[in-house]
Amino acid sequence: MRVIRHQVAGEEVRVHFPEAEEDLDGFDRFLAQGDQYLGLDTETSGLDVFTAGHELRLLQVGNATDAWVLRIDRFRGAAIKALEQPRNFVAHNAPYDALVIDRHLGVPVEQLMPKIWDTKILAHIVDPRGKDEGGIGLDLKTLCAVHVDPDAPDTQNDLTAVFNSLGWKKVSGWSRIAIDHHAYVLYAGLDAILVHRLLQVLQGVLSESAELSKFEHKLQYLLTLLQRKGMPLDIPYVQRLLIELHNENVEYCDLAADLGVDNVDSPAQVGNRLIDMGETLTERTPSGQLKVDRSVLLQLADLDRDWKRIGAREPNPVADAVIRAKRAGKWAKTYAQAFLDHRDPSDRLHPTINSLQARTARMSVSRPPLQQLPSSDWRIRRAFIPDPGHVMIAADYMAVEMRVLAAVSGDLTMQNAIRQGLDLHSFTAERVFGPDFTSKDRKIAKSIGFGKVYGGGADGISRQTGADVESVRHALQAYDQVFPGIRRYSFSLIQRAQRGAREVVTPIGRRLPLDEDRLYAATNYVVQSTSRDLLAKAILNLFEAGFDKYLFLPVHDELIGQAPVGEAVDVVREIGEVMESTFQGVRIASSAAVVGSSWGSGYGAPEQLPAEMPIRKERRERPGQWFQDGLDI
DNA sequence: CCAGGCAGCCAC
DNA sequence: AAACGTGGCTGCCTGG
């Protein structure tokens, strides 16, 4: 039995590390003290819970003064027994530990997670900002430094230093360090003590924001179940795709090298070579470097945003080779290779779903980033296939951000247009430009709508659409007259923030801090956050209705899933019905559809289904990419 | 050698 | 008066 003593907030704490079976008597006595909740943490070999070599090494439980660090190789039974108690736990980022415990100890997510409070959720409700946004940050270390003890050790970074001193890299250290290494055991135990103390400080949130807190914990639990389920991959296809993308990358890298650019990933090199060739580069990055991003290179290569020839100039061969090489390289590594690296032994992918990530509470998906797969080309999404006998399905909210804007702003003109089922952008164009509006007018109207959601101004809209600033300015004024409620609403949010706290409160009661110099973002925050909450509520409702078995993944305003071939048409209809809601009098319409034999089928991949399966997937309007609808100038 | 800033690109 | 929102990830480059 080893006991390590340490100080936390001026108080002695003890980390108990049992070595022999008889040492567990003390652990039993510790549990018998009957703490209302226990801090919970695990130490593992790495982050990919579902990959073949993943290992659970330590499990830690603790209260404010004592932690018990259990070696799983010796005390697996004691660990399981502790977790199966009728007792609450507190963890920081509970889904990770719950999935680890589910996989390695057989205590299912369904049994453990409803008993866990997550300090990451509570901290996000208090202040969702990261460190670089002027907030505290959401990692255990910085939260504890603020709320528990300014001298609380940075266990992750300190251990990284230990790994480095032993000659290992950060990633491999977690599996290589001796299981009884002093610093490793100490830090493992301290995290359980720290998270316990952190809840003591943050537990006021559980009562002050009881509803919101419950909502977020439930959502997090359900999304953890989806993460455990994972998505099937078509591995032979991914392997072919990887080779295809690799070859594409090599081909264009060689071409670029022949033309004098050794490294296509070096913006400086690319920029200098283009200058040498006589091109004029006008744009600069914030730090003053020559800007050679995609839009600059596409223009030089005489390509539009869909990579089609414009015919306005002779394409610059360097620019052309560089963008093609970079795109193929990015797709190969970020997507195809990542799919192979992160898959489990039965060829499923379990991306990390963070149910509460952005300042606006938007969710994120990482390892790999499945919310950011290319949508202009089907080849990457084609990698995802349903289980045998199923088809992929998708259900999304139609222009949800515009609907939310109409609702929260109370603008009756926009609400009526939505109620009548009109095409909002055409309606706007007609009111702004008159009954004889052109398709170019409609595009401007659409851009202004999205500009309103994002807080964009005339310059931005002009830059992205190619329309001249003066006419955009004029259209913006007309827009404000057509929808006076929207302008009033934005104005009132800013005024409130100027008079009172620099924050905005969303309809669900979430307080979102505003940046002093970007108060105009308030409207976007409310709209984006509320759109997220609507999808979150839909996920809860779908589980309630038993439809979770059809779900794979949320993608901001959309749910990806699968359904048995014979029932798919009925399933998508019913999912669509559950998702539909009315928010402050505005209908939040959804569009659910059978996608096909792979996720790529919705994006143009060749279909491999029997012809009698009806498939309908319209191209969606994607607000964040309004520039893709740029005018042809 | 590595962390972190910057640039860039992917999405909604 | 004007104000383009939220993420994840990779590679280059620099400073410690």
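Counting only residues that are under 21 Å from A:Gln464 (Cβ atoms) and either among the hydroxyl-bearing types (Ser, Thr, Tyr) or in contact with an Asp or Glu (Cβ under 6 Å, 6 or more places away or on another chain) (or both), how many does segment A:276-295 have?
So the count comes out to 4.
Within the group A:Ile461, A:Ile508, A:Ile560, A:Ile448, which residue is surrounded by 15 or more Cβ atoms within 10 Å (Cβ to Cβ), under 27 Å from A:Leu122 (Cα atoms) and out of contact with any Pro (no Cβ under 6 Å at 6 or more places or on another chain)? Please lay out each step first, then the result.
On the way: A:Ile461 fails: under 27 Å from A:Leu122 (Cα atoms); A:Ile560 fails: under 27 Å from A:Leu122 (Cα atoms); A:Ile448 fails: under 27 Å from A:Leu122 (Cα atoms).
On inspection, the qualifying residue turns out to be A:Ile508.
Looking only at segment A:299-331, residues that are within 22 Å of A:Asp377 (Cα to Cα), surrounded by fewer than 19 Cβ atoms within 10 Å (Cβ to Cβ) and more than 8 Å from DNA strand B (Cβ to nearest atom) come to 9 in all. What do you reckon, is A:Trp378 within 13 Å of DNA strand B (Cβ to nearest atom), part of a loop (DSSP other than H, G, I, E, B), in contact (Cβ under 8 Å) with a residue 60 or more places away in the chain and within 16 Å of A:Leu241 (Cα to Cα)? In short, yes.
Scanning segment A:150-170 for residues that are more than 9 Å from DNA strand B (Cβ to nearest atom), within 26 Å of the chain's Cα centre (by Cα) and more than 29 Å from A:Gly10 (Cβ to Cβ) returns no hits. If you take the residues in segment A:51-75 that are in contact with a Ser or Thr (Cβ under 9 Å, 6 or more places away or on another chain) and more than 18 Å from A:Leu24 (Cα to Cα), which one is surrounded by the fewest Cβ atoms within 10 Å (Cβ to Cβ)? By that ranking, first place goes to A:Gly53.
Being within 16 Å of DNA strand B (Cβ to nearest atom), part of a helix (DSSP H, G or I), surrounded by fewer than 20 Cβ atoms within 10 Å (Cβ to Cβ) and under 21 Å from the mean Cα position of the chain (by Cα) is true of A:Asp132. Against the list (1) assigned to a loop (DSSP other than H, G, I, E, B); (2) of a type outside the set (Asp, Glu); (3) within 16 Å of DNA strand B (Cβ to nearest atom), the condition A:Val453 fails is (1).
Can you find a residue that is among the charged types (D, E, K, R), at pLDDT below 90 and out of contact with any His (no Cβ under 9 Å at 6 or more places or on another chain) anywhere in segment A:361-376?
Filtering segment A:361-376 for residues among the charged types (D, E, K, R) gives A:362, A:367.
From the residues that got through so far, the ones that are at pLDDT below 90 too are A:367.
Of the ones still in play, those that are also out of contact with any His (no Cβ under 9 Å at 6 or more places or on another chain) are none.
Within segment A:361-376 (the criterion being among the charged types (D, E, K, R), at pLDDT below 90 and out of contact with any His (no Cβ under 9 Å at 6 or more places or on another chain)), the answer is no, since none of the residues qualifies.
Of all residues assigned to segment A:332-346, at least one qualifies as being in contact (Cβ under 8 Å) with a residue 24 or more places away in the chain and within 10 Å of DNA strand B (Cβ to nearest atom).
Test A:Ser346 against the stated conditions and say whether it is among the small types (Gly, Ala, Ser) and within 22 Å of A:Arg228 (Cβ to Cβ). Steps first, please.
Values: among the small types (Gly, Ala, Ser): yes; within 22 Å of A:Arg228 (Cβ to Cβ): yes.
Yes; evaluated as a whole, the condition is true for this residue.
Can you tell me which residues in segment A:304-317 are more than 16 Å from DNA strand C (Cβ to nearest atom), over 16 Å from A:Glu279 (Cα atoms) and not aromatic (Phe, Trp, Tyr)? Let's see the steps before the verdict.
We begin by selecting, within segment A:304-317, every residue more than 16 Å from DNA strand C (Cβ to nearest atom); these are A:304, A:306-317.
Restricting the remaining residues to those that are over 16 Å from A:Glu279 (Cα atoms) gives A:304, A:306-311.
The answer is A:Asp304, A:Asp306, A:Lys308, A:Arg309, A:Ile310, A:Gly311.
Considering (1) outside any helix (DSSP H, G or I); (2) among the hydrophobic types (A, V, I, L, M, F, W, C); (3) within 23 Å of A:Gln357 (Cβ to Cβ); (4) in contact with a strand residue (DSSP E or B) (Cβ under 9 Å, 6 or more places away or on another chain), the lone condition that A:Ala152 does not fulfil carries the number (3).
For segment A:257-271, the candidate set comprises residues that are farther than 17 Å from A:Gln299 by Cα and assigned to a helix (DSSP H, G or I); within that set, the residue that is farthest from the chain's Cα centre (by Cα) is A:Asp258. Looking only at residues of segment A:272-291 that are within 12 Å of DNA strand C (Cβ to nearest atom) and within 29 Å of the chain's Cα centre (by Cα), we find that the one that is nearest to A:Ala319 (Cα to Cα) is A:Thr285. Among the residues making up segment A:202-257, a single one is under 14 Å from A:Ala328 (Cα atoms) and among the small types (Gly, Ala, Ser): A:Ala256.
The values are calculated or read from the model by the stated rules, or taken from the named source; none is laboratory data. Predicted model only: the values in this text are computed from it and were never measured. Here Cβ is always computed from backbone atoms with ideal geometry, including for glycine, and neighbour counts include all displayed protein chains.
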